[in-house]
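Working notes, structure below.
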Amino acid sequence: MAARAAWLTTFRLLQRYHRYEVVNLEPLLKPGAKLLVGYHGRPLAVDLCMLTVTLHDRLGYLPHGIAHGAFDRIPGMRQVADGLGFVTGDGPLLAEAVAKGEHVLVQPGGTREGCRDFRHRYRVDWGERLGYLRLAVRYGLPIVPIAGHGMDDAYVGLNDGYAWGKRVGMPGRLPLWLGVGATGLWPLSLPFPVKMTQWVGEPLTTHLAPGFDAADREALLTVHRDVTRAVQGLLDAARPS
């Protein structure tokens, strides 16, 4: 409970700091579990964390984020993840959440997308990561694309943290990222007080059609391209004119 209370307090404060708002929340308020598939803003997807607070206040629970595998390896972090309802992969906890009709949240771009330099902003970078899609098929979850504006402006990235982390052999595939915020270098700096606006798209269900074969890689890639186009479309639409 302490982890949950700290999470809610922290991200409620950040909602005010970033003047956070959500456009088209309605698809997430309808009954039934859904897979929320979001763009990973730099460096910690703060916008999606703030969205979990909004959903907690409306639905009574925090969506079950699929967190970095390092949560299982860093002492004490597993207890934090459990307190927040996070999971680090498919398993009984995820199955239980879906059975209760609760949303699951994933960012396929991960640190590869979230820890880039300032030249690469608001561009989906998921490669051919299909794990989220197999998960959606396995549990019969509609996919809701999520993106927005402001999240890549909170810090100025100075390097490709994902590539640097691989180069120096960071444990747990963690990134080695350098970023500048309002009061200095991340992670000791506050973010710039930019306004963040979250856009929620309409659910995608092509992968739930009768006869869809999750073992057919080409079929998965076709749906994957549809999802990435939907997320990129939200990123483009959310930019101030």
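Condition check ((1) farther than 21 Å from Thr222 by Cβ; (2) free of Cβ contacts under 8 Å to residues at least 60 places away in the same chain; (3) part of a helix (DSSP H, G or I)) across all residues:
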position	(1), (2), (3)
Arg116	yes, no, no
Tyr122	yes, no, no
Arg134	no, no, yes
Leu141	no, no, no
Val144	no, no, no
Asn159	yes, yes, no
Tyr162	yes, yes, yes
Lys166	yes, yes, yes
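Scanning segment 41-64 for residues that are open to solvent by 10 Å² or more (accessible area, probe 1.4 Å) and of a type in the set (Gly, Ala, Ser) returns a single hit, Gly60. Screening Phe192 against (1) closer than 16 Å to Ala45 by Cα; (2) open to solvent by less than 30 Å² (accessible area, probe 1.4 Å) leaves a single unmet condition, (2). Give segment 106-125 a look and list any residue that's touching a Leu at 6+ places or on another chain (Cβ under 9 Å), open to solvent by less than 40 Å² (accessible area, probe 1.4 Å) and not aliphatic (A, V, I, L, M), or say none. Matches in segment 106-125: Pro108, Thr111, Gly114, Cys115, Asp117, Tyr122. Among the residues of segment 221-241, the ones that are more than 19 Å from the chain's Cα centre (by Cα) and closer than 14 Å to Gly109 by Cα come to 0 in all. Among residues of segment 195-217 that are at pLDDT 95 or above and among the small types (Gly, Ala, Ser), those with a Cβ under 8 angstrom from a residue that is open to solvent by less than 80 Å² (accessible area, probe 1.4 Å) and assigned to a loop (DSSP other than H, G, I, E, B), sequence gap 6+ or separate chain, pair up as Gly201/Asn24.
Condition test on Trp177, is it open to solvent by less than 30 Å² (accessible area, probe 1.4 Å) and under 13 Å from Val37 (Cβ atoms)?
No.
Note on segment 126-150: among residues that are more than 16 Å from Thr205 (Cα to Cα) and touching a Ser or Thr at 6+ places or on another chain (Cβ under 9 Å), the one that is surrounded by the most Cβ atoms within 10 Å (Cβ to Cβ) is Gly148.
Residue-by-condition table, conditions (1) farther than 15 Å from His18 by Cα; (2) within 17 Å of the chain's Cα centre (by Cα):
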| residue | (1), (2) |
| --- | --- |
| Arg129 | yes, yes |
| Leu133 | yes, yes |
| Ile143 | yes, yes |
| Gly172 | yes, no |
| Met196 | no, yes |
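Could you please let me know if Gly91 is of a type outside the set (A, V, I, L, M, F, W, C), crowded, with 21+ Cβ neighbours inside 10 Å and either at pLDDT 95 or above or over 22 Å from Leu235 (Cα atoms) (or both)? No: the conditions fail for Gly91.
Taking every residue in segment 219-236 that is open to solvent by less than 30 Å² (accessible area, probe 1.4 Å) and pairing it with any residue that is of a type in the set (Asp, Glu), at least 6 positions away or on another chain, the pairs with Cβ-Cβ distances below 8 Å are Ala219/Asp213; Leu221/Glu128; His224/Glu128. The single condition from (1) modelled with pLDDT of 95 or more; (2) under 23 Å from Ala67 (Cα atoms); (3) of a type outside the set (D, E, K, R) that Gly165 fails is (1).
Pairs linking a residue in segment 18-31 that is open to solvent by 50 Å² or more (accessible area, probe 1.4 Å) to a residue that is of a type in the set (Lys, Arg), with Cβ atoms under 7 Å and 6 or more positions apart or on different chains, are Arg19/Lys195; Leu29/Arg58.
The values are calculated or read from the model by the stated rules, or taken from the named source; none is laboratory data. Not measured: the values here are computed from a predicted model. Neighbour counts run over all protein chains shown; Cβ positions are idealised from the backbone, glycine included. Keep in mind that these areas ignore ligands, DNA and RNA; they rest on the heavy atoms of the full protein, side chains included. Shrake-Rupley method; radii C 1.70, N 1.55, O 1.52, S 1.80 Å.
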